[in-house]
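Worksheet: one structure, shown below.
The values are calculated or read from the model by the stated rules, or taken from the named source; none is laboratory data. Values in this document were obtained by computation on a predicted structure and should not be read as measured data. Using ideal geometry, Cβ is built from the backbone for each residue, glycine included, and neighbour counts are taken over all protein chains shown. For accessibility, only protein heavy atoms count, side chains too; no ligands or nucleic acids. Shrake-Rupley method; radii C 1.70, N 1.55, O 1.52, S 1.80 Å.
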Amino acid sequence: MGLPWRIAIDGPAASGKSTLGQRLAAHLGYLYVDTGVMYRAVTWAALRRGVPIADEAALTGLAETLDLDIAPPTVQDGRLYTVRVDGEDVTWDLRRPEVDAAVSQVSAYPGVRRALTRRQRQIGLRGRVVMVGRDIGTVVLPEADLKIYLDARLETRAWRRYQELQARGADVPFEAVLETMRQRDALDQGREVAPLRPAPDAVVLDTTALDIEGVFQKVLDLIAARCRETSHVAG
Ligand code: CDP
């Protein structure tokens, strides 16, 4: 067999999913899709338009109709892609603390998930894709041929996110980052529809003590081993 055709990476906030996913996609020449961006975009649009976050029907309508475009980077400022909502570049706005604070409530609404999962599956089924999120291996692309679940201690993840924010000049205290992340983890893991958890056939990697390079190498080794295994069986 060749390389895995569809790769799913799931895990909690700041577990290293985006960095790993992006590097893997670049290495394999695959499309990189960060599904969290879609939930963030719906949340951002609701905040911008003054739609109450508690209004499930309105949020669902927004997820179904939002003019959302995710394209290769248009500015070299560290971004991995450019996100536009109604034609407006919102790439960095999606990372604002108010979006962080509201996104898990929005992403728990079944109608929002239905609409965004449909968009994500359409992209994923084309193949040659690395898709990153919370429910890719379990719900969006259960047929993915390589599923990775990244995890790390909460404090380590919060520290990584704090440093990212500092590097971008955002002045948010560490305690606040930690608390938002704790709440988001609890909501993502506890929701009824598509909760955050590893798929039964996912490879779970703890990144607490691994840097980006270490995680990347482990996954490359995993892919190489899978290729050997299947060519052995086939041959
Ligand atoms: O980058 P970070 O891990 O902090 O978050 P993200 O991947 O951008 O996801 C933001 C939020 O969107 C998560 O906390 C989830 O509530 C939601 N999400 C989801 O429910 N399902 C996905 N496939 C991706 C994100």
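The figures follow:
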item: Every residue from segment 142-159 that is over 23 Å from Gly190 (Cβ atoms) and either open to solvent by 30 Å² or more (accessible area, probe 1.4 Å) or not in a strand (DSSP E or B) (or both); result: Glu143, Ala144, Asp145, Trp159
item: Top-ranked residue in segment 1-55 [being among the charged types (D, E, K, R) and outside any helix (DSSP H, G or I); ranked as surrounded by the fewest Cβ atoms within 10 Å (Cβ to Cβ)]; result: Asp55
item: Qualifying residue in segment 96-113 (condition: within 14 Å of the ligand (Cβ to nearest atom), more than 30 Å from Ala144 (Cβ to Cβ) and loosely packed, with under 14 Cβ neighbours inside 10 Å); result: yes
item: Those residues of segment 1-21 which are of a type in the set (A, V, I, L, M, F, W, C) and more than 8 Å from the ligand (Cβ to nearest atom), in sequence order; result: Met1, Leu3, Trp5, Ile7, Ala8, Ile9, Leu20
item: Flag for Asp201 being modelled with pLDDT of 95 or more, out of contact with any Leu (no Cβ under 7 Å at 6 or more places or on another chain), farther than 22 Å from Ala102 by Cβ and loosely packed, with under 15 Cβ neighbours inside 10 Å; result: yes
item: The listed residue being at pLDDT 95 or above, of a type in the set (D, E, K, R) and over 16 Å from the mean Cα position of the chain (by Cα), out of Arg121, Arg126, Arg114; result: Arg114
item: Subset of segment 120-141 (residues that are open to solvent by 20 Å² or more (accessible area, probe 1.4 Å) and within 21 Å of Arg191 (Cα to Cα)); result: Arg121, Arg134, Thr138, Val139
